[in-house]
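K.L.:
Quick one: the structure is below, and I'll ask about it shortly.
The values are calculated or read from the model by the stated rules, or taken from the named source; none is laboratory data. Small disclaimer: the values here were computed from a predicted structure and weren't measured. All Cβ positions, glycine included, derive from the backbone under ideal geometry; neighbour counts span all protein chains shown.
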Amino acid sequence: MIELSGVSVRLSGKRIISDVAFTAEAGKLTAIAGPNGSGKTTGMKAISGELPYQGKIRMNGHDVTRLQPWQLAAMRGVLPQASSISFPFTVREIVRMGLTSGLNRNPEKAEQTAAKALESVDLGGYEGRFYQHLSGGEQQRVQLARVLCQISEPVVDGEPRWLLLDEPVSSLDISHQLTIMRLARAFCDNGGGVIAVMHDLNLTALFADRIILMQSGGLAAAGSVHDVLTDKTMQSVFGCPLRINTVPADGTPFVLAHSAING
Ligand SMILES: Nc1ncnc2c1ncn2[C@@H]1O[C@H](COP(=O)(O)OP(=O)(O)OP(=O)(O)O)[C@@H](O)[C@H]1O
Ligand SMILES: [Mg+2]
């Protein structure tokens, strides 16, 4: 489990998130949604151990601030919202950055693990390509393959592993969005935990078990997809006309902004 209680982060003398509390369970896909600037990335950086914070964050029962970098690296993989790489690395080199040093000492196994991760994000055979020569969506999938190399097993020694994904599908076409969300779902179904920052509310409705909705550095709502995706909550948090409908066949909610043009 990942547990946050009373978490606040200050950056450049400004309070960015304030008194945030929620839990994310292993086996469940927890989505964090909310407007631009609401503090989602800041919250994710606190959880991943990249930013100092006040309050408590526990991962599998451990205080995140007390974990050594190698312990954190074994427990959670992080896909940042933006990754700029200025050197001419190949895809193989980027993906193998995710491997532990032990695995990197076994070149055959390392190559297999990297190839498997690339296959899983539909980039089989891209190993020798230069990262900078790839499209935006391909680069995003290479970064995810790097994370999947680092955290390849959802459970190790009976403890869940965590994927912390900040907008993992933001540059992807609809087919690759589904590929990545299915990967995240499978990771949860096999006992791991995923926290994913999402702007696509319809994909969130399809794949998330829980939604944490942020607004102005705090929590606006937290609960199941049906609890959080309501006309009232979404219109108030996003400040625009939105209508939540449901797919007749199975009741899955979907969000349309059609009232913005139809009144
Ligand atoms: N280092 C910093 N110094 C000062 N302010 C910052 C810093 N980093 C982020 N902020 C501010 O904190 C707020 C929250 O930023 P954050 O990146 O967490 O938002 P977000 O919810 O991830 O937004 P988006 O959907 O656009 O990615 C923003 O107003 C941002 O300008
Ligand atoms: Mg962000």
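K.L.:
Return the residues of the stretch 194-214 that are in a strand (DSSP E or B) and without any contact (Cβ under 8 Å) to a residue 60 or more places away in the chain; say none if nothing qualifies. Quick ask: steps written out before the conclusion?
P.N.:
Restricting attention to the stretch 194-214, the residues satisfying the condition of being in a strand (DSSP E or B) are 194-197, 210-214.
Those that are in a strand (DSSP E or B) and without any contact (Cβ under 8 Å) to a residue 60 or more places away in the chain: none in the stretch 194-214.
K.L.:
Follow-up question, since we're still on this one. Looking at the structure I just gave you, is Asp173 of a type in the set (D, E, K, R) and under 23 Å from Ala26 (Cα atoms)? Walk me through it before giving the result.
P.N.:
Working: of a type in the set (D, E, K, R): yes; under 23 Å from Ala26 (Cα atoms): no.
For Asp173, the condition - of a type in the set (D, E, K, R) and under 23 Å from Ala26 (Cα atoms) - is not met.
K.L.:
Filter the stretch 219-263 down to residues that are within 25 Å of the chain's Cα centre (by Cα) and crowded, with 16+ Cβ neighbours inside 10 Å, then give me how many there are.
P.N.:
15
K.L.:
Being more than 16 Å from ligand 2 (Cβ to nearest atom) and at pLDDT 95 or above is the requirement here; does Gly61 meet it?
P.N.:
yes
K.L.:
Only one of (1) outside any helix (DSSP H, G or I); (2) more than 16 Å from ligand 1 (Cβ to nearest atom); (3) out of contact with any helix residue (DSSP H, G or I) (no Cβ under 9 Å at 6 or more places or on another chain) fails for Gly77. Which number is that?
P.N.:
Going through (1) outside any helix (DSSP H, G or I); (2) more than 16 Å from ligand 1 (Cβ to nearest atom); (3) out of contact with any helix residue (DSSP H, G or I) (no Cβ under 9 Å at 6 or more places or on another chain) one by one, Gly77 breaks only (3).
For every residue, the table says whether it meets (1) in contact (Cβ under 8 Å) with a residue 40 or more places away in the chain; (2) closer than 30 Å to Tyr126 by Cα.
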{"site": "Asp157", "(1), (2)": "no, no"}
{"site": "Ile174", "(1), (2)": "no, yes"}
{"site": "Leu183", "(1), (2)": "yes, yes"}
{"site": "Phe187", "(1), (2)": "no, yes"}
{"site": "Gly192", "(1), (2)": "yes, yes"}
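Okay, residues lined up against (1) free of Cβ contacts under 8 Å to residues at least 40 places away in the same chain; (2) crowded, with 17+ Cβ neighbours inside 10 Å; (3) part of a strand (DSSP E or B):
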| residue | (1), (2), (3) |
| --- | --- |
| Asp19 | no, no, yes |
| Ile32 | no, yes, yes |
| Gly43 | no, yes, no |
| Leu51 | no, yes, no |
| Gln81 | no, no, no |
| Ala110 | yes, yes, no |
| Ala115 | yes, yes, no |
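K.L.:
Here is a follow-up. Could you look through the stretch 196-227, keep only residues that are over 23 Å from Ser8 (Cα atoms) and of a type in the set (Val, Ile, Thr), and pick out the one that is nearest to ligand 1 (Cβ to nearest atom)?
P.N.:
Let us first name the residues in the stretch 196-227 that are over 23 Å from Ser8 (Cα atoms), namely 200-209, 224-227.
Now narrow it down to the ones that are of a type in the set (Val, Ile, Thr): 204, 225.
On the way: Thr204: 13, Val225: 19 Å.
Step by step, filter the stretch 196-227, then rank; the result is Thr204.
K.L.:
Turning to a different aspect of this structure: Here is a list: Leu164, Leu172. Which entry is surrounded by 19 or more Cβ atoms within 10 Å (Cβ to Cβ), under 18 Å from Ser152 (Cβ atoms) and either within 16 Å of ligand 1 (Cβ to nearest atom) or at pLDDT 95 or above (or both)? Steps first, please.
P.N.:
Values: Leu172 fails: under 18 Å from Ser152 (Cβ atoms).
So the residue among Leu164, Leu172 that is surrounded by 19 or more Cβ atoms within 10 Å (Cβ to Cβ), under 18 Å from Ser152 (Cβ atoms) and either within 16 Å of ligand 1 (Cβ to nearest atom) or at pLDDT 95 or above (or both) is Leu164.
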